[in-house]
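Take a look at the structure below.
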Amino acid sequence: MDDSVEDKIIYQVYLTHMKLLSSKLTSAKNKVNSFYNMWKYMQFYFTKPEVIFFLALILCLLFFSGNLFQSTNGFLKKINRSLSFIGFNDFQQLMVDEKDALSKNWKFDGKNVALYAIKGRRSQMEDRYVIKTNIMNTGISLFAIFDGHGGEFAAEYATTHLMKNLTNKIIEVKKLLDEKTDTTKEMKIFNSNTPDNLTPKMKTKITKIEEQTPTKMKPTSSADDSVISLNKHRQDPLNLKKDTTILKNVGDEMINPSSYLQKDGNINFSKILIDEVLAADKLLIEAAKLTYDIAGSTALIVLVEGSTLFVANVGDSRGVMCDKKGNAIPLSFDHKPQQMREKKRIAEAGGFISFNGVWRVAGVLATSRALGDYPLKEKQFVIANPDVLTFDLSHHDPQFIILASDGLWDTFTNEEAIECIKKHIDDSYHGAQYLTIQSFNRGSLDNITVLVIKFPSIWSKESQVVDHGGSKY
């Protein structure tokens, strides 16, 4: 080939490559220009005062509705699932100070009773619990979980006042029953003996019995007004003397302790639980109004007497029993606004429910029953009336029961929780701890409290009393 022809071919190839290179550079420059133009448009629009105000308003609405963190958490969950294939399984946890969330905890490892509780992803710990076994050698045991919201005041009040009053009432009625039983026995002896055959001690007791007039018995209640009395410097009509305040209980009716004694010789514990919860709620509301504290709390109270289990529930904390066959038996049912019964009651009171992440009473509260929450109590949108269920332990022969705040039940079903504890039945404390941490790892956004009670010897002669008021926090 002639050299001149070869040079021409090489020159043409060179020109072609240069044109291709030039076109690529031009397209890249156009892309850069498009991103630059987009950034300019964003700067132009997002720096406008009306746009900034609108965005700030949306953030405020999300914050005050309590959904900001939930929305963020849902977004992080999507990212977590998207990045799981490259090993970022705990991406969501990176957004939270896990050490802080897990290090602030409550622990209790007693005889057949174990508890583990953590603050979790909340800024403060609002859960409370109470453990009282074999109260004053009566053979009666009490356990409770209180899940506060809007602050600690209501849950703290329930722990220190409701449970104290309930304990005093049980002791009072139990003593009254014992006295009545002794009196009955002595009267039988009296009927079978002549006065000359009676001992001086028996004569003295019978004389006292004859002098008593049951119709003049002073009715009492263990309702506590100690919080109200803290404001004595105010001229408050609620600041009454304690001996007159305690006459006022549910519905301002005077309640005689003997009314809790049934004809069959048993104590009506269901009525005691209902009356004491309502009495405490009434005084809690009065105390909260003095300080404008709108806090509220759920209440899950378990009373064990002999072979009978009583469960009083207000709100969405929950109890579950594992029977002898390993089945999960619900001990309580959550009070949710969307339930037909609750929805109808709220509507009849003139209220409404709306969906805001979850169904809420008046768009605010995610449970339809609670202690406290006085702004929603004025028109009975939210009530404190407990549901009380009774269980025959000799029939169910339970292995254990679980009481927990909704921080657990947001991530675990009843059956999953039971299976988890069954695997650690020999070490219930480790089981409660494992269940709590697993709930946190599953993304629970709330405080988490798990109480595990093994059967059948929790009401043994050894007493265990634990009231946690939150000094750790």
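Looking at (1) within 25 Å of TYR157 (Cα to Cα); (2) open to solvent by 10 Å² or more (accessible area, probe 1.4 Å), which is the one condition that is false for ARG345?
(1)
May I ask you to list pairs of residues, at least six apart or on different chains, whose Cβ atoms are under 6 Å apart, with the first in the range 287-307 being β-branched (Val, Ile, Thr) and the second being open to solvent by 10 Å² or more (accessible area, probe 1.4 Å) and in a helix (DSSP H, G or I)?
Matching pairs, first to second residue: ILE294/PRO375.
Inspect the range 349-358 for any residue being open to solvent by less than 70 Å² (accessible area, probe 1.4 Å), modelled with pLDDT of 95 or more and either aromatic (Phe, Trp, Tyr) or farther than 21 Å from ASP127 by Cβ (or both) and give the result as yes or no.
Step one: of the range 349-358, the residues open to solvent by less than 70 Å² (accessible area, probe 1.4 Å) are 349-351, 353-354, 356-358.
Checking the rest, the ones that are also modelled with pLDDT of 95 or more come to none.
Checked the range 349-358: no residue is open to solvent by less than 70 Å² (accessible area, probe 1.4 Å), modelled with pLDDT of 95 or more and either aromatic (Phe, Trp, Tyr) or farther than 21 Å from ASP127 by Cβ (or both).
Looking at ASP387, ASP373, ASP410, which one is open to solvent by less than 30 Å² (accessible area, probe 1.4 Å), under 18 Å from the mean Cα position of the chain (by Cα) and modelled with pLDDT of 90 or more?
Matching residue, one of ASP387, ASP373, ASP410: ASP373.
Checking THR449 against (1) closer than 17 Å to GLU419 by Cβ; (2) at pLDDT 95 or above, only one condition comes out false. Which one?
It fails just one condition, (1).
For LYS422, indicate whether it is in contact with a strand residue (DSSP E or B) (Cβ under 8 Å, 6 or more places away or on another chain), among the charged types (D, E, K, R), open to solvent by 30 Å² or more (accessible area, probe 1.4 Å) and at pLDDT 90 or above.
Judged against the criteria, LYS422 is a match.
The values are calculated or read from the model by the stated rules, or taken from the named source; none is laboratory data. If you're wondering where the values come from, they're calculated on a predicted model, not measured in any experiment. Note that each Cβ is placed from the backbone with ideal geometry, even for glycine, and that neighbours are counted across all protein chains shown. Side chains included, ligands, DNA and RNA excluded: accessible areas come from the protein's heavy atoms. Shrake-Rupley method; radii C 1.70, N 1.55, O 1.52, S 1.80 Å.
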